[in-house]
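FYI, it's all coordinate maths here, none of it is from the lab. Quick caveat: nothing in here was measured; it's all calculated off a predicted structure. Cβ coordinates were reconstructed from backbone atoms using ideal geometry, including for glycine residues, and neighbour counts include every protein chain displayed.
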Amino acid sequence: MTVTDAATGSAGTTETTEPAGTGGRWASEALRRADPQLADLLAAEAERRAESIQLLAGENLTSAAVLAALTGPLIDKYAEGYPGRRHHTGCALADAAELLAVDRARALFAAPHANVQPRSATSAMLAAYAALLRPGDTVLAMSLEHGGHLSCGSRANFSGRWFEFVGYGVRREDGLIDLDEVRALARLHRPKAIVAGSISHPRHPDWAAFREIADEADAFLIASAAQTTGLVAAGLAPSPVPYADVTVAATHKLLRGPRGGLLLSTAELAERIDRAVFPFSQGGAAMNEVAGKAVALAEAATPAYRAYAERTVAGARVLAKGLAEAGMRPLTGGTDTHLVTADVSPLGVSGAEAERRCAAAGVLLGKCAVPYDPAPPAETSGIRLGTGTVTSQGMGEAELAEIAGLIGRLLTGGTDVRIGARVRELARAFAGRR
Ligand SMILES: *Cc1c(COP(=O)(O)O)cnc(C)c1O
């Protein structure tokens, strides 16, 4: 009991000061009674969030409905296999929930086939490769230095160990993908698969051009679309689904669903994709996550979600413009997405230093390598920001313009306590919105 009180005190939080919709979402009496230590950690985490402006590109806020599905009774169900062909009994209702999720995913993305079981986008990438490739095959993907994800050939990841990756990049002049280079590399290396998509590049891939290059090389086309899944769902990004053999999506980023992956494919590849998830790379599905995905997919089909997605892009454009005015260099000069990646070296700071200074003032963003980055990977020259969370909280263009100015002041040496106070004030004002 005293431990609990001490921990609560040290976190500077009491239950009455927790804003509704943040701390309140996690305030389970059962947890507090059973494990006050962990309950305090969660309360402090909610408090941390309520006090900071969250601009990490991959995060968002799940709705109360998604949370309810995640903690619902399917959390305890074992369901290996697929609807109608499970290895466990008692799955009729789990089957119905999974079919709902699958049908909603297929409808939302106009995809012939959907698999909703991958536990993460990385495990979905593993399944995509497993369905199409053999160890030792060559894969052409965006190089990690230019914005490819770890699953696009990092030596620290299965992808870089099991396949031969060739990387393409962006042009030095305009920061855009050089499709002539992609084509030349495809002709030279004859890859078995070509991957398009990035974690930090703020423009949409030209899916038709990638398809053409893949066809010419007789390669599969894999869309690595986790970052922009929500924009595709809302019709604000060109869909890879008509062009790619397999599309790898994420349900926890802009889509605002549970942490997890989603695979979309052609009808021909349906069996191979399903077998590559279970039994090849996963065991029983997390049926509560599948249920949560079903809810998020239904939410993403609404006009309200489309309006939300539009605001994320409008906000990101304002943010990019504000960062440029403050002396930073947004890659490609702006954004078509919820993402902004900016070179901060013109201000004389590294990406890591920028991340530290902003975090100290309550602005959470990530350091990020920029193409042709002269700085070591642990330092980097850039920062990456996303507007998913703040837009879910109701912040708009006015707030994002102000935030860009605050970041500019922090990176040009501003240590004024008033910056931190203003960040907390803004964060608090919007903390309870979702
Ligand atoms: C976020 C992301 C991933 C990784 O997602 P996890 O669910 O964390 O594994 C992979 N690829 C891209 C393009 C991403 O944006």
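Observations
- Whole-Hz couplings from phi, Karplus 6.51/-1.76/1.60, listed for region 68-79; x for Gly and Pro: 4, 5, 5, 9, x, x, 5, 4, 9, 8, 8, 8
- Other residues whose C-beta falls under 15 angstrom from the C-beta of residue 160 contribute a net charge of -1, scoring Lys and Arg +1 and Asp and Glu -1.
- For region 389-434, a simple Cβ point-charge model (Lys and Arg +1, Asp and Glu -1, everything else neutral) yields a dipole of about 200 debye relative to the Cα centre.
- Dipole of the chain, positive end: most advanced residue of 159, 223, 270 [Cβ charges, Cα centre]: 270
- Partners for residue 77 among lysines (Cα-Cα distance below 30 Å; same-chain residues under 8 apart left out): 253, 293
- Each Lys or Arg adds one and each Asp or Glu subtracts one; over the other residues with Cβ under 14 Å from the Cβ of residue 338, this totals +3.
- Peptide ranges 373-382, 127-136 listed from the most packed, as the mean C-beta count within 10 angstrom indicates: 127-136, 373-382
- Spin-label proximity, residue 216 to region 125-159 - amide N less than 18 Å from point 7 Å beyond Cα toward beta carbon: 139-142
- Scanning the chain for DSSP H helices at least 18 Å long along the axis (C-alpha atoms) with a Kyte-Doolittle mean no lower than 0.5 picks out 92-109, 287-300, 397-411.
- Spin-label pair residue 45/residue 378, simplified geometry with 7 Å Cα→Cβ offset, distance in nm: 2.7
- Taking every DSSP helix (H) stretch of at least 4 residues in the chain, weighting each as -39,500 (n - 2.57) and dividing the sum by the residue count yields a mean residue ellipticity at 222 nm of -13000 deg cm²/dmol.
- Of the residues 411, 340, 423, the one whose Cα sits farthest towards the positive end of the charge dipole of region 304-431 is 423 (charges of +1 on Lys and Arg Cβ, -1 on Asp and Glu Cβ, taken about the Cα centre).
- Among beta bridges that DSSP assigns inside the chain, antiparallel share in %, nearest 5: 55
- The dipole here belongs to the chain: it is taken about the Cα centre, uses +1 on the Cβ of Lys and Arg and -1 on the Cβ of Asp and Glu, and is about 260 debye.
- Options 251, 286, 121, ranked by Cα towards positive dipole end of region 73-300, top entry (Cβ charges): 286
- Net lengthening on full extension, residue 301/residue 415 (0.36 nm per residue, minus Cα-Cα): 36.7 nm
- Each Cα pair under 8 Å and six or more residues apart adds its sequence gap; the mean of these over the residue count of the chain is a relative contact order of 21 percent.
- Rounded to the nearest angstrom and listed largest first, the equivalent-ellipsoid semi-axes of the chain from its Cα gyration tensor are 34, 31, 18.
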